[in-house]
Amino acid sequence: MTHAEPRTFPEGFLWGGATAANQLEGAFDEGGKGLSIQDVTPRGIMAPRTPEPTPDNLKLIGIDFYHRYAEDIALFAEMGFSVFRLSIAWSRIFPNGDDEQPNEEGLAFYDRVFDECHRHGIEPLVTISHYETPLHLTETYDGWVSRELIGFYERYVRVLFDRYSSKVKYWLTFNEINSVLHVPFMSGGIGTPKDELTQSQLFQAVHHELVASALATKIAHESYPGIQVGCMVISMPIYPLTPDPADMLAVMDADHANLMFSDVHVRGAYPGYALRYFREHGIELDITAEDRELLQNTVDFVSFSYYMSLCETADPAKKVRGEGNIMGGIPNPHLPASEWGWQIDPVGLRVVLNQFWDRWGKPLFIVENGLGAKDELVVVDGVTTVVDDYRIAYLNDHLYQVGEAVRDGVEVMGYTSWGCIDLVSASTAQMSKRYGFVYVDRSDDGTGTLERYRKKSFAWYAEVIRTNGASLTRS
Ligand code: BGP
């Protein structure tokens, strides 16, 4: 028996960065755009919303990508990106979400963005819905709790595929779809406060999103053979706090809650453990025969975000919720954490890649990963920059583990580092939680010139891309 050469990153591996419309575009009321839920959440997901957009909401201006996209895409090209993940703001295309006709100005904006990407040889990777439900859909229908959202989403998707199928090959239906269980407002546009929402309403919303996602895949496969559709989930390996079998069972339950979403996307039906959970928790769902048929339209690939791992235990006395993450979970005593309390675990990324590959055998796309950190602008040899060795170390160690997973035989399509240019944070709505290779001059109080500066990690990432990962070092 001969052994194949250990593989490194495959040829054609897609290298790039990831963003979301509401966190960088700004121009919240330009070009005929309607309001989204993000325009009335100035303090991030956990804080109360405001009745109207308020000037302290950094997302209203973002980093002004709406006007500066050409300059930004040129910087991505300079790093050698072959892929750029962005989302389309639903309320730019359908200002209220339930409009009959799309807004041409919004459509034309994304035409310009995609054309700019292609001019630089960059493939856009598009999230159809990234935490930016049109506000009207929240206020009038309670977001995804209502079945009517499926029809509005279908109309939106048909317009997008029709207009952009020749410009966009890779599509993601919902950002981090499994987060709806934790942040129903931000993720599912559900206006009813979480503590008033019944489990049946919440899982009905989940079901509507899953059906809508499968419908998008069906439309793509039937009418647009050149494009590929993936699901997008939060990945978070969960370790037992102790070897107690009760802790392991707690891990299994927590894993199931996360994995159910991709199980449905990949296998086309609810898994037995989910049906049992519904049964035993009095969750009654309206699932039609047509829904069941639609769910069988399964995705082409599985994409995910990876920031951290967690621990779980069955012991109520040890259930101390970790800081900073939306999934809850217990901190791991073996791991360091970021300034925002997100635990840093590069090996967990290799674990997750293997777990997902073993489970689904579908190509995997890491579409978010990175370190949110405070940066300081300094002048080195006359050049204004950030010496972000901490970010380089984080990304090197994670990407090294991706290489290990590739050597394990996992099929990985690409990697888009989160917030490749500094943007407004989703969880805290701060500018000071920075992820980028490019620094944007804007502060938490909204002041700043919006000038862009290359950080030290900019040249580092360019070298990783140029060498297709060969420059990564074992830590
Ligand atoms: C993910 C979201 C992103 C993003 C990222 C980092 O959950 O999909 O939109 O922002 O997390 O989170 P934060 O911005 O809160 O640091």
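For the range 346-419, the strands (runs of 3 or more DSSP E) that sit wholly inside it and include 1 or more residues that are hydroxyl-bearing (S, T, Y) and in contact (Cβ under 8 Å) with a residue 60 or more places away in the chain are 383-385, 412-418.
Using the structure shown, decide if G372 is more than 29 Å from Q228 (Cα to Cα) and more than 25 Å from the chain's Cα centre (by Cα). Working first, answer last.
Values: more than 29 Å from Q228 (Cα to Cα): yes; more than 25 Å from the chain's Cα centre (by Cα): no.
No; evaluated as a whole, the condition is false for this residue.
Looking at the range 217-236, which of the residues that are of a type in the set (S, T, N, Q) and part of a helix (DSSP H, G or I) is farthest from N297 (Cα to Cα)?
Of all residues in the range 217-236, those of a type in the set (S, T, N, Q) come to 217, 223, 228, 235.
Within this subset, residues satisfying the condition of being part of a helix (DSSP H, G or I) are 217, 223.
Working: T217: 6, S223: 13 Å.
Applying the filter and picking the extreme gives S223.
Restrict the check to the range 79-91 and report whether at least one residue is assigned to a strand (DSSP E or B), farther than 21 Å from K433 by Cα, in contact with an Asp or Glu (Cβ under 6 Å, 6 or more places away or on another chain) and in contact (Cβ under 8 Å) with a residue 40 or more places away in the chain. Looking through the range 79-91, at least one residue is assigned to a strand (DSSP E or B), farther than 21 Å from K433 by Cα, in contact with an Asp or Glu (Cβ under 6 Å, 6 or more places away or on another chain) and in contact (Cβ under 8 Å) with a residue 40 or more places away in the chain.
Within the range 341-371, being small (G, A, S) and buried (at least 18 other Cβ atoms within 10 Å of the Cβ) holds for G348, G370. Could you count how many residues in the range 92-102 are closer than 12 Å to R163 by Cβ and either outside any helix (DSSP H, G or I) or modelled with pLDDT under 95 (or both)? Selection size over the range 92-102: 1. Could you list all residues from the range 82-114 that are of a type in the set (S, T, N, Q) and either touching a Leu at 6+ places or on another chain (Cβ under 6 Å) or open to solvent by 10 Å² or more (accessible area, probe 1.4 Å) (or both)? Once the filter is applied, which keeps residues that are of a type in the set (S, T, N, Q) and either touching a Leu at 6+ places or on another chain (Cβ under 6 Å) or open to solvent by 10 Å² or more (accessible area, probe 1.4 Å) (or both), the range 82-114 yields S82, N96, Q101, N103.
In this structure, does G31 turn out to be more than 14 Å from M186 (Cα to Cα) and either open to solvent by 10 Å² or more (accessible area, probe 1.4 Å) or under 19 Å from the mean Cα position of the chain (by Cα) (or both)? Lay out the reasoning, then the answer.
Working: more than 14 Å from M186 (Cα to Cα): yes; either open to solvent by 10 Å² or more (accessible area, probe 1.4 Å) or under 19 Å from the mean Cα position of the chain (by Cα) (or both): yes.
Considered against the rule, which asks whether it is more than 14 Å from M186 (Cα to Cα) and either open to solvent by 10 Å² or more (accessible area, probe 1.4 Å) or under 19 Å from the mean Cα position of the chain (by Cα) (or both), G31 comes out as yes.
In the range 237-270, which residue that is open to solvent by less than 20 Å² (accessible area, probe 1.4 Å) and not in a helix (DSSP H, G or I) is nearest to L353 (Cα to Cα)? That would be P237.
What about S213, is it modelled with pLDDT of 95 or more and open to solvent by 10 Å² or more (accessible area, probe 1.4 Å)? Answer is no for this residue. Of all residues in the range 172-191, those being within 11 Å of the ligand (Cβ to nearest atom) and of a type in the set (V, I, T) number 2.
Does the range 143-166 contain at least one residue that is of a type in the set (V, I, T), buried (at least 20 other Cβ atoms within 10 Å of the Cβ) and in a strand (DSSP E or B)? Taking every residue of the range 143-166 in turn, none turns out to be of a type in the set (V, I, T), buried (at least 20 other Cβ atoms within 10 Å of the Cβ) and in a strand (DSSP E or B). For the range 429-446, the set of residues classified as surrounded by 16 or more Cβ atoms within 10 Å (Cβ to Cβ) and either more than 15 Å from the ligand (Cβ to nearest atom) or at pLDDT below 95 (or both) consists of F437, V438, Y439, D441, listed by residue number.
Going by the structure shown, is V464 open to solvent by less than 10 Å² (accessible area, probe 1.4 Å), more than 26 Å from A70 (Cα to Cα) and hydrophobic (A, V, I, L, M, F, W, C)? Against the criterion (open to solvent by less than 10 Å² (accessible area, probe 1.4 Å), more than 26 Å from A70 (Cα to Cα) and hydrophobic (A, V, I, L, M, F, W, C)), V464 does not qualify.
Scoring T449 on the criteria (1) open to solvent by 10 Å² or more (accessible area, probe 1.4 Å); (2) assigned to a helix (DSSP H, G or I); (3) free of Cβ contacts under 8 Å to residues at least 60 places away in the same chain; (4) more than 16 Å from the ligand (Cβ to nearest atom) leaves a single failure, condition (2). Checked against (1) under 22 Å from R112 (Cα atoms); (2) open to solvent by 40 Å² or more (accessible area, probe 1.4 Å); (3) without any contact (Cβ under 8 Å) to a residue 60 or more places away in the chain, V126 passes all but condition (2).
Would you confirm whether or not the range 173-188 contains a residue that is touching a Gly at 6+ places or on another chain (Cβ under 7 Å), surrounded by 24 or more Cβ atoms within 10 Å (Cβ to Cβ) and either modelled with pLDDT of 95 or more or farther than 30 Å from A77 by Cβ (or both)? The answer is yes, given that some residue of the range 173-188 is touching a Gly at 6+ places or on another chain (Cβ under 7 Å), surrounded by 24 or more Cβ atoms within 10 Å (Cβ to Cβ) and either modelled with pLDDT of 95 or more or farther than 30 Å from A77 by Cβ (or both). Each residue in the range 374-411 was checked for being away from the ligand (no atom under 16 Å from the Cβ) and either at positive phi or open to solvent by 10 Å² or more (accessible area, probe 1.4 Å) (or both), and 23 pass. Kindly indicate whether S425 is over 18 Å from the mean Cα position of the chain (by Cα), within 22 Å of E339 (Cα to Cα) and among the polar types (S, T, N, Q). Answer is no for this residue. Of the residues contained in the range 53-61, none is found to be in contact with a Leu (Cβ under 8 Å, 6 or more places away or on another chain), open to solvent by less than 30 Å² (accessible area, probe 1.4 Å) and not in a loop (DSSP other than H, G, I, E, B).
The values are calculated or read from the model by the stated rules, or taken from the named source; none is laboratory data. Values in this document were obtained by computation on a predicted structure and should not be read as measured data. Heads up, the Cβs are rebuilt from the backbone with ideal geometry, glycines too, and the neighbour counts pull from every protein chain shown. To get the accessible areas, we keep the full protein, side chains included, count just its heavy atoms, and leave off ligands, DNA and RNA. Shrake-Rupley method; radii C 1.70, N 1.55, O 1.52, S 1.80 Å.
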